[in-house]
Amino acid sequence: MKQFIPKITFWRVVATIIVVAGLYSTYLRFTGGLGASTNLSDDFPWGLWIGFDILVGVGLAAGGFTICAITHIFNIEKYKPLTRPAILTAFLGYLLVIFGLMYDLGKPYNIWHAIIYWNPRSVMFEVAWCVMLYTTVLFLEFLPIALEKFRLKKLLSFMKKTGILIMITGVILSTLHQSSLGSLFLIVPQKMYPLWYSGLLPLYFFISAVGAGLTMVIFEAYLSARAFNKGIEADLLSRIGLYSVIVLMLGLIIRLVDFFLTDKIHLLFTINNYTLLFYLEILVGTLVPFGLLIQKRIRENRRWLYASSIMVISGFLLNRLNVSITSITPATGVNYFPSINEISVTLMLVTLGMWAFKIIARNFPVFASEVHYENHQLNFDQKLSESNL
């Protein structure tokens, strides 16, 4: 009987409270509508559920396509131990993005309309299709893990043969919609505070997603090592950390050059709340992690590497919220702050994602040592079958 009753711990109690509160907020959202459950309005229709659940969620899931590109397209084999956890994180991330979008849509039961009613000139149409297709690709990338678990060798062999094509398709789709999320804001130049508006927003969104996605691989690996008592690929994660901050620094340099070319550099010296938030975003998400991870001894320290990943993720979160919420505030004149229902739903989705990762990781060969064992067992079973014939 004990094995069916999970041990009661502080964090499990907190997580349960979060999920219960989120379910109650879900009830209020779908019975009372957006007006009764959120602080959104006609003047400010996009809030936390878009800024965090969608823009942040999609960006942090970019580790999946980045690691797949490194290992399967550029054929750098040594990073393969990081592939499966990254794919699982991305798959769950995109599922949660879709669930989060259902909350924000006024008529969520019409979400399928993008499949039937085509508007190829719409950026949102392109994003909708890319997210649907890429989620399908992530499922196909995750499928071999399930096939290994249940030892379906014929299907597994077929999936391995088509694997590279699936990976390439996933990289293309993810590249398209990571940048297209930035394109959503190109149509509102008059409504965005100039520090965050640029014609290069699609490029910024893509670069920051790559950097933050790589850092998310470090974050996930560290937590998995603690939760499942697994070894951590310290040398690989150290290199990933270096690559991530180099990418982010490249993005910052491009932004500063753009400021000079568009005559916006003076805004950096106009001290107000928006400038301070911009400085905080850059300092926490790029400059401090770069200063730390450029040093080999810091990168090879597990705790510093983990702390730096938290900084990058925090800076990325600030950037997406600044673009989608902070930068819009001056033009609308609305001082938006998410309601308790918006916050509880967001926390619930994050908690459910962590629960799902934990359950799947405990029951499927997600980590490198488990993959080796499963492959060894499959080969043994195959040889035993052949000998019996």
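Of the trypsin sites (Lys or Arg not before Pro) in segment 1-83, which ones lie in a loop per DSSP and count no more than 16 other C-beta atoms within 10 Å?
LYS7
So which of LYS78/LYS296; LYS149/LYS358; LYS191/LYS264; LYS296/LYS358; LYS230/LYS358; LYS230/LYS296 end up more than 21 Å apart by C-alpha?
LYS296/LYS358; LYS230/LYS296
From the helices alone, meaning DSSP H stretches of at least four residues, give me the mean residue ellipticity at 222 nm for the chain, per-run term -39500 (n - 2.57), in deg cm²/dmol to the nearest 500.
After summing the helix terms and dividing by the residues of the chain, the value is -23000 deg cm²/dmol.
How far apart, in nm, are the 7 Å Cα→Cβ label points at LEU223 and THR262?
So the label points at LEU223 and THR262 sit 3.3 nm apart.
Identify the chymotrypsin sites (Phe, Trp or Tyr not before Pro) of segment 1-98 meeting these criteria: DSSP loop state and at most 15 other C-beta atoms within 10 Å of the C-beta.
Filter output for segment 1-98: PHE74.
Provide the FRET efficiency to the nearest 0.05 for the GLU300-LEU250 pair, computing r from the beta carbons and using R0 = 22 Å.
Efficiency for this residue pair is about 0.45.
As an exercise, find the ratio Rg/Rh for segment 57-172 from alpha-carbon atoms, using the Kirkwood inverse-distance average for Rh.
1.02
For the charge dipole of the chain, defined by +1 on Lys and Arg C-beta atoms and -1 on Asp and Glu C-beta atoms about the Cα centroid, which residue among GLY33, ILE359, ALA307 has the Cα displaced farthest towards the positive pole?
Going by the Cα projections, it comes out as ILE359.
For segment 275-326, rounded, prolate or oblate, judged on the Cα gyration tensor with a ≥ b ≥ c (square roots of eigenvalues), a/c < 1.5 rounded, else prolate if a/b > b/c?
prolate
I'd like the trypsin sites (Lys or Arg not before Pro) in segment 124-158 restricted to DSSP loop residues with at most 14 other Cβ atoms within 10 Å, sorted by number.
Those satisfying the criteria are ARG151.
Could you let me know the centre-to-centre spacing of segment 324-359 and segment 70-144, using Cα atoms, in angstrom?
Taking the Cα centre of segment 70-144 as reference, the centre of segment 324-359 is 20 Å away.
Grab the Cα-Cα distance for THR31 and MET102, subtract it from 0.36 nm times how many residues apart they are, and report the gain in nm with one decimal.
Difference between extended and current length: 24.2 nm.
What figure, in Å² to the nearest 10, do you get for the accessible area of ILE76 with a 1.4 Å probe and non-protein molecules left out?
Taking all protein chains as shown, ILE76 has close to 70 Å².
Just to be sure I understand the model, the point goes 7 Å from the Cα along the line to the Cβ. What's the resulting ILE343 to ILE116 distance in nm?
The answer from the label model is 4.0 nm.
Could you size up the charge dipole of the chain around its Cα centre, putting +1 on the beta carbon of Lys and Arg and -1 on that of Asp and Glu, and report it in debye to the nearest 20?
The dipole of the chain has a size of about 1080 debye.
By its C-alpha gyration tensor, with a ≥ b ≥ c as the square roots of the eigenvalues, how is the chain shaped: rounded for a/c under 1.5, else prolate for a/b larger than b/c, else oblate?
prolate
Given a 1.4 angstrom probe, what's the average accessible area per residue across the chain, in square angstrom?
52 Å²
The values are calculated or read from the model by the stated rules, or taken from the named source; none is laboratory data. Owing to the predicted nature of the structure, the values given are computational and were not obtained by experimental measurement. Virtual Cβ from ideal backbone geometry, glycine too; neighbours counted across all protein chains shown. The protein model used for the area step is the full one, side chains on, heavy atoms only, and it has no ligands, DNA or RNA in it. Shrake-Rupley method; radii C 1.70, N 1.55, O 1.52, S 1.80 Å.
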